[in-house]
Structure formats: structure tokens, C-alpha cells
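Notes for the one structure printed next.
Where a number appears in this text, it was derived from the coordinates with a stated rule and is not lab data. Since the structure is predicted, the reported quantities are computational estimates derived from the model, not experimental observations. Cβ placement follows ideal geometry from the backbone for every residue including glycine, while neighbour counts extend to all protein chains displayed.
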Amino acid sequence: MGCGRVGSTLARDFQALGHSVSVIDQDREAFRRLGADFNGLTVAGIGFDRDTLIEAGIQRADAFAAVSDGDNSNILAARVARETYGVKNVVARIYDPGRAEIYQRLGIPTVATVLWTTDQIMRRILPTGAKSQWQDASGRVQLVESSLHSGWFGNQVLSIEKLTKARVAFVTRLGEGLIPDEHSVLQEGDVVHLLVTEDELKNVDAALKNPPGEKR
């Protein structure tokens with residue numbers, strides 16, 4: 001639901017992967033964004049209206065993404081898709097971070113657009129600090145990438161977990177990702193990707209900028 005820049009891009013990407021796609025938008029002109037190569041179904045209507053959803057094939061859908069420019073419309077459409085038609089994979093784009101957190105707690109997967117965008121910009125503007133790659137709707141848990149002090153090189157990757165309150169998700173080494181095990185050792189140039197809570201982010205970042213175990 002929603003054929004703006006995000007919705008049209010999603011539709012084309014899913015089609016390129018071989019999926020059958022239906023797109024709903026109130027404005028027929030919006031479907032022009034799909035391009036001449038789009039061969040899916042387009043339905044003009046309100047995305048949470050049951051007749052519109054049925055016309056779009058909601059009863060056969062494996063997934064539903066509500067990405068219009070209205071928070072209320074997105075969350076309502078997502079709830080109808082999941083609760084009325086039993087669609088298992090449902091996600092709603094929400095601009096208001098406060099709402100996103102509430103709906104996430106209700107079990108409705110959300111993408112908090114404003115919270116994500118501002119965090120990404122801030123972490124790229126600030127000269128120091130770990131860069132956030134992902135965060136949950138509440139902003140409490142983040143996936144961040146961080147460089148290491150040279151003192152960490154030669155230590156086991158999982159020593160980070162022993163000395164901080166972070167969890168190592170993966171390591172980028174020479175442009176390739178790897179999932180570390182108990183034998184993996186940190187090397188010069190490694191970029192670690194960590195799962196960490198917002199409360200611990202500063203502590204973890206400070207720890208990685210110093211040799212292991214050094215007091216800060």
C-alpha cells in the first residue's frame with residue numbers, strides 16, 4: 001500500500017526477485033512511478049478498505065507492506081491485513097517514533113522512518129562514535145559498526161563480549177563479512193558490527209577505542 005518512492009521501489013524490487021506484486025494507492029497517477037516494465041496488479045483505492053484489499057489479492061498474499069505517507073492509514077491497513085486476512089508477514093512504515101514503539105509492542109512490525117533517518121545522519125556527521133546501521137522501533141537496541149584500537153588486534157573476537165555488554169553480530173574483513181566463532185581472532189582493518197543497547201552504546205564505543213581492559 002502506497003506507491004510513492006518507497007512503495008514503487010519495493011514493488012519493482014520484489015518483481016525483479018520473481019514475486020507477484022499488487023500495489024494499492026489512492027492516486028492512479030502514482031502508478032507511473034512503477035515504470036513500463038512493471039507487470040503486477042495496480043489497484044486505485046484506500047489501502048485499508050476491505051474491497052480494495054480483496055481486489056488486490058490480499059487473501060492470497062504472503063506479505064503486506066504499508067508504506068503510504070500517513071501513519072494512521074499504514075497502521076490500520078497493517079492491522080486489517082494481519083488480523084482480518086491472516087497475512088503473516090506485515091510491516092508498517094511509521095513517521096512518529098512514539099507511535100512506532102507502541103505498535104511494535106503490540107506485535108506489529110514497524111519501520112520508524114524519522115528515528116532511523118536522524119540517527120543515521122547524526123552518526124555520520126559526528127567525527128567520532130560508532131555508526132548505527134539498524135535499530136528496533138523503540139531505539140533501545142542498535143546494530144552498530146565500530147573500528148577498534150590497535151590493542152584489540154590479536155585478541156579473540158568474542159573477547160569483546162567478555163569485556164563489554166555488546167554482542168558481536170559479524171565482522172567485516174577485507175570487504176567481506178564473517179560470523180566469528182570461538183577461534184576467530186581480531187586483525188588490523190577489521191570492522192566489528194555489534195548489537196548493543198542505547199544505554200551501553202557510549203561505554204562500548206569508549207571501550208573499543210582503548211586497549212582491552214584499560215580503565216577509562
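Can you give the Rg to Rh ratio for the chain, taking only C-alpha atoms and Rh from Kirkwood? Display every interim value, and only then the final one.
Working: Rg = 21.3 Å, Rh = 19.6 Å.
Rounded to two decimals, Rg/Rh equals 1.09.
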What distance in nm separates the two pseudo spin-label positions at Asp51 and Phe14, each 7 Å out from Cα along the beta-carbon direction? 2.3
Please check: in the Gaussian network model of the chain (C-alpha springs, under 10 Å), which one of Tyr85, Tyr95, Tyr103 has the largest mean-square fluctuation. Tyr85
Under 25 Å between alpha carbons: how many lysine pairs meet that in the chain, if sequence neighbours fewer than 8 apart on the same chain are excluded? 12
If each residue's Cβ is checked for other Cβ atoms within 10 Å, how do Thr42, Thr110 rank with the fewest at the top? Thr42, Thr110
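Quick check for me: using +1 on Lys/Arg Cβ and -1 on Asp/Glu Cβ, what's the dipole size of the chain about its Cα centre, in debye to the nearest 20?
Numbers: 25 positive and 28 negative charges, 49 e Å.
Dipole about the Cα centre, nearest 20: 240 debye.
Give the whole-number value, in cubic angstrom per residue, of the convex hull volume spanned by the C-alpha atoms of region 126-208. Could you put the intermediate results ahead of the total?
Working: hull volume 8.0 nm³, N = 83.
For region 126-208, the hull spanned by Cα atoms encloses 97 Å³ per residue.
What fraction of the Cα pairs in region 164-216, stated in percent, has a spacing above 12 angstrom?
Within region 164-216, distances greater than 12 Å cover 68 percent of Cα pairs.
Could you size up the charge dipole of region 126-208 around its Cα centre, putting +1 on the beta carbon of Lys and Arg and -1 on that of Asp and Glu, and report it in debye to the nearest 20? Present the calculation step by step, with values, prior to reporting the outcome.
Details: 7 positive and 12 negative charges, 28 e Å.
Magnitude of the dipole: close to 140 debye.
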Please compute the modelled spin-label separation between Glu83 and Glu188, points set 7 Å along Cα→Cβ, answer in nm with one decimal. 5.9
Could you check the simple spin-label distance between Arg105 and Asp27, using points 7 Å along Cα→Cβ, in nm with one decimal? 3.5
